[in-house]
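Readers should treat all values here as calculations from the given coordinates under stated rules, not as data from a laboratory. The structure displayed is predicted, hence computed values, not measured ones.
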Amino acid sequence: MKKAFRVMLVVLALTAFAFATSALADEFFVVKDAGKMAVTDKKPADEKNVVKGPFKTKAEAEAALKAATATTKPKPPTTGC
């Protein structure tokens, strides 16, 4: 009985730790490095790499990334009349 209680306590502690660490990442940034854009939860040391941010949720940052990549794609040349 004591062993089952300890195992349950360890599982509960690991679950609480997992929720706590995900709550710590409360800022997300859209960064550009070496021509690639990505979402990160850490603020880059070089402020010039930050394209947009900070965002409260990862979903907001990903939406901003999609919007930023949609505007940076070159438009195809138009030919004809």
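Computed over the Cα atoms of the stretch 24-72, what is the convex hull's projected area averaged over all directions, in nm²? Present the calculation step by step, with values, prior to reporting the outcome.
On the way: hull surface 12.7 nm².
Convex hull of Cα atoms, orientation-averaged projection: 3.2 nm².
Give the cross-link partners of Lys66 among the lysines, using a straight C-alpha distance below 30 Å as the criterion and excluding same-chain residues fewer than 8 apart.
Within the straight-line limit of under 30 Å, Lys66 reaches these lysines: Lys32, Lys36, Lys42, Lys43, Lys48, Lys52, Lys56, Lys58, Lys75.
If the cut-off is a Cα-Cα distance under 13 Å, which aspartates and glutamates reach Lys3, setting aside same-chain residues fewer than 8 apart in sequence?
none
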